[in-house]
Structure formats: structure tokens, C-alpha cells
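Before any comments, here is the structure.
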Amino acid sequence: MPDGTTPAHSRPSEDATASTPRPGQTHFVADVSQTPVAVVDKVDESAPASSLWRDAWRDLRHRVLFWVSAALILAVLLVALFPGLFTSVDPRFCELRNSLGNPQSGHPFGFDRQGCDVYSRVVYGARASVSVGVLTTIGVVLLGGLMGALAGFYGRWFDTILSRITDIFFAIPLVLAAIVLGQVFSEGRTVLNVVAVLTVFGWPQVARITRGAVMSVKNNDYVTASKALGASRLSILGRHVIPNAAAPIIVVATVSLGTFIVAEATLSFLGLGLPQNVLSWGHDIATAQSSLRTNPSVLLYPSVALALTVLSFIMMGDAVRDALDPKARKR
């Protein structure tokens, strides 16, 4: 060119210049066997298949909180199922001459105002309180889980209707509703009546958790593959969606069990829960409040038993939640 410039087509490209080694430089490409990539990406095909529950158990068994809560829950269940193994004293046998008596041989917790053995009443009172908590939790998980699963999986107008019903029940306080309905069943109250009342007004929280879990699972690849293979929507919901969305439901159910035990004790304390002929920690706490100033130990023992039981389920829920939450699990 007259001006001394080089035509564009004759200029060496930047890529070619960058790829051309300078004097004294050579290109070296390492062999795959000499790189750590093969070791990093290697999969042990002989190892057993892992899963969320297997990883959760591997994490749980190294947590002190889990073993402490499990030991407390096991002890409470043994006392509730087999109270005769822990005391041979009839909890309904009372002598007024022992009213507010001090602890003695065979009666480590002393006597209440009616002369009944406090230790035996604490032991036998566990059955009713734990039964209400367990049965209510089962009912709440079944009812709330069904409502939430259907709303989250089918969506659209079905989700709208079920969500509005859930909001209505969620706005009603559990204990207040139980007190009002307790007046209706004031005659002939049974354990099943209390369980039914707590179940009817205790399911909305489980329904919300289930709905959110189902909505996060239903668009996964294995669900899409099941649809492509011709599986029915109900089959997909029962075989794939619910099992993979069960982790948060289990956590909420574990914590809620302790909440329902407290609710039953509150209702029994107010005289609106279990009938008087059923031994319960709530009844014993209500009876012992008149002796708080003179003999506080009568109130202390059933209260401690109730608090330890509720605390054990809450700790178990916290441990299970940390193990099942992939973000909180330590790799």
C-alpha cells in the first residue's frame, strides 16, 4: 500500500498471535493419567447407593442432641406404656392422714393434699398426656398432609379453595377453639374427644408445610419422567411426590407433638380437657396449685415431667431438621 499500512486481510489475527509460542517456549499437554481430574471425578461403584435418609442418619448419629432427646423420649414411652414397671402403688389410693406428707420409703415424691402418692400419679399420668399428643399428631399429619398435598400438587382453583379454607382455620387460635368446643363436650369427655378437637384446629400448619414441600418437588425430573411413562397423577403423588416431600412434614410433626401435649395439659388444667377420672399431668398441676405456698414440690414434679417430655420432642425436632436440611448439613 502507498501509505505503508498493511491490509486487514494480511494482518496476523490476535488469536493466532496469542497461540503462537514465543522463542524458548513450548506447548505441553499433560496426559490424563497425570492429572488429578480422574481421581477427583472418580465414583466408587462398589459403594452402596446414598439417599437423603441415609445421609440424615449418618449425620444424626453423631449429634449429642439427638441421643439425649431419643433417650428422654424412650424413657417417657416406656413409662406411658408400662407404668407398672416403675411403681407398684395405686395412684388412686389416697389417705388423708398422709396429706402433704414428706417423702418416705416407697413414696419418693411425697403425697398431695388428698394423701395420694405423687410419684405414682406422675408415672400413670404420662399415659394420657402422651396418648393425646401421639394420636393428635397422627390425625393432624393425615388431615393436614392430605389437604396440603392435594393443594400443592393439583394447584389452580383446587389450590385456591383449599388454601382459603386453611387460612380460615389458621386464623382461629388452637387453645381458644378447644376451650369453646370443650364446653360442648363438657358431659362425657373422653380422650378421643380431646384428640378430635385438637386435630380439627391443629392441622393448618402441617397443611402449609406440606403444600410448599409438594410444590418444590412436583416439577423435578423424575416426576416429569413418570408422566411421560403414562403414570396417573394420583400414582405420581403417592409414589414419588409425597415420599420426597416428607422431610419437613416429619420435622413439624415431631415438634407439634410436644405442642399438643401442652395443649392437653392446658385444657385439663382449666377443667375442659380429659375427665377427672383420667390421670393426667394437667389435672395434677391444677390440683397442686392450691398447695404452691405450703408445699411447692407437689406442683414441681408433674410440671417437670411435662416440661421434660415437651423439651425432648422439641430437641428431637431440631436435630431432625438440621439433619434433613441440605443447607444446614455439614459436608
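Details
- Kirkwood hydrodynamic radius computed over region 165-266 comes to 15.8 Å, based on all pairs of distinct alpha carbons.
- Whether region 253-318 is rounded, prolate or oblate, judged on the alpha carbon gyration tensor where a/c under 1.5 counts as rounded: oblate
- Global geometry of region 46-202, whether rounded, prolate or oblate, following the gyration tensor of its Cα atoms and the 1.5 cut on a/c: oblate
- Semi-axis lengths, Å, region 191-331, gyration tensor of Cα atoms, sqrt of 5 times eigenvalues: 42, 18, 9
- Within the shell defined by Cβ-Cβ distances under 9 Å, the residues around residue 298 carry a net charge of -1, with Lys and Arg each +1 and Asp and Glu each -1.
- Trypsin sites (Lys or Arg not before Pro) within region 219-294: DSSP coil, no more than 11 neighbouring Cβ in 10 Å: 293
- Apportionment of accessible area to carbon and sulfur, region 79-148, percent (1.4 Å): 62 percent
- Within the accessible area of region 200-331, the carbon and sulfur atoms contribute 61%, probe 1.4 Å, all protein chains present.
- Residue-count net charge about residue 106 - beta-carbon cut-off 13 Å; Lys, Arg +1, Asp, Glu -1: -2
- Region 218-261: translational diffusion in µm²/s, Stokes-Einstein, Kirkwood Rh over Cα pairs, 4 °C, 1.567 mPa s: 109 µm²/s
- Among 57-65, 195-203, 79-87, sorting by the average number of other beta carbon atoms lying within 10 angstrom of each residue, highest first, gives 195-203, 79-87, 57-65.
The values are calculated or read from the model by the stated rules, or taken from the named source; none is laboratory data. All of these numbers come straight from a predicted model, not from anything done at the bench. Cβ sites come from the backbone with ideal geometry, for glycine too, and all protein chains shown count toward neighbours. The protein model used for the area step is the full one, side chains on, heavy atoms only, and it has no ligands, DNA or RNA in it. Shrake-Rupley method; radii C 1.70, N 1.55, O 1.52, S 1.80 Å.
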